[in-house]
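Bear in mind that the values in this text are calculations on the coordinates, not laboratory data. Values in this document were obtained by computation on a predicted structure and should not be read as measured data. Here the Cβ positions follow ideal geometry from the backbone for every residue, glycine too, while neighbour counts run over all protein chains shown.
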Amino acid sequence: MESESAEGEARVQSEHDIVLARQLVRRLTQGLAFSLVDQTKMVTAASELARNTLIYGRGGTMHWHRRSESGRQGLTLTFLDSGPGIPNLELAMSDGWTSGNGLGMGLSGARRLVNEFAIESQVGKGTRVSITRWK
Ligand SMILES: Nc1ncnc2c1ncn2[C@@H]1O[C@H](COP(=O)(O)OP(=O)(O)OP(=O)(O)O)[C@@H](O)[C@H]1O
Ligand SMILES: [Mg+2]
């Protein structure tokens with residue numbers, strides 16, 4: 001059963017995949033007994049990153065990893081795409097900057113909702129965003 005695995009991967013290639021990814025993150029955080037508020041923070045961050053993966057990254061994957069380290073438990077999500085990459089990460093991470101029609105709040109908002117946030121991107125190669133929320 002999926003919820004018993006320590007890690008797994010989900011496609012992010014359509015709007016429906018984003019719905020499924022949100023549901024998966026909700027279940028995973030419930031399984032970790034996150035508070036309702038913390039569940040929603042992780043689901044919201046995942047939703048923003050999945051949408052970026054789909055829209056800007058032209059689709060990719062969400063890898064999930066249930067963490068258990070020195071007595072604490074958490075969830076790490078990694079969004080990976082082979083899209084165009086981000087030329088200026090500092091700009092992309094700033095509030096209100098968008099190259100498209102968004103609000104430019106997805107990355108910066110997601111960063112505030114989690115405990116750990118890492119982004120790597122190479123122009124012409126793709127983007128990887130990794131977030132962790134500890135219980
Ligand atoms: N996976 C990605 N691949 C390429 N570019 C990306 C990716 N994710 C984000 N970006 C770039 O970073 C910018 C900022 O992303 P962010 O999510 O903060 O805002 P947005 O998606 O433009 O708007 P919002 O998320 O508020 O609707 C995007 O406009 C886009 O240029
Ligand atoms: Mg966005």
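Distance in nm between label sites at K135 and R112, each 7 Å beyond Cα in the beta-carbon direction?
Distance between the two pseudo-spin positions: 2.7 nm.
Taking 7 Å along the Cα-to-C-beta vector as the label spot, tell me the R67-I55 distance in nanometres, rounded to one decimal.
The answer from the label model is 2.7 nm.
Farthest toward the dipole's positive end in the chain, which of W64, L113, G83, given Cβ charges of +1 (Lys, Arg) and -1 (Asp, Glu) about the Cα centre?
About the Cα centre, the residue reaching furthest to the positive side is L113.
DSSP loop trypsin sites (Lys or Arg not before Pro) in the stretch 51-85 with at most 15 other Cβ atoms within 10 Å of their Cβ, which ones?
Answer in residue order: R58.
Would you calculate a helix-derived [θ] at 222 nm for the chain, using -39,500 (n - 2.57) for each DSSP H run of n ≥ 4 and dividing by the full residue count, to the nearest 500?
Mean residue ellipticity, 222 nm, calculated: -11500 deg cm²/dmol.
Quick check for me: using +1 on Lys/Arg Cβ and -1 on Asp/Glu Cβ, what's the dipole size of the chain about its Cα centre, in debye to the nearest 20?
Here the size comes out at about 220 debye.
At 7 Å along the Cα-to-beta-carbon direction for both Q30 and R11, put a label point, then send me their distance in nm to one decimal.
In this crude label model, Q30 to R11 measures out at 2.4 nm.
Taking every Cα atom in the stretch 1-101, find the radius of gyration and the maximum pairwise distance Dmax, and write them in Å.
My reading of the Cα-based Rg and Dmax gives 14.4, 43 Å.
Would you pull out the residues with amide H under 5 Å of V12's amide H, same chain only if 5 or more places away, H placed 1.01 Å from N?
The answer is G60, T61, M62.
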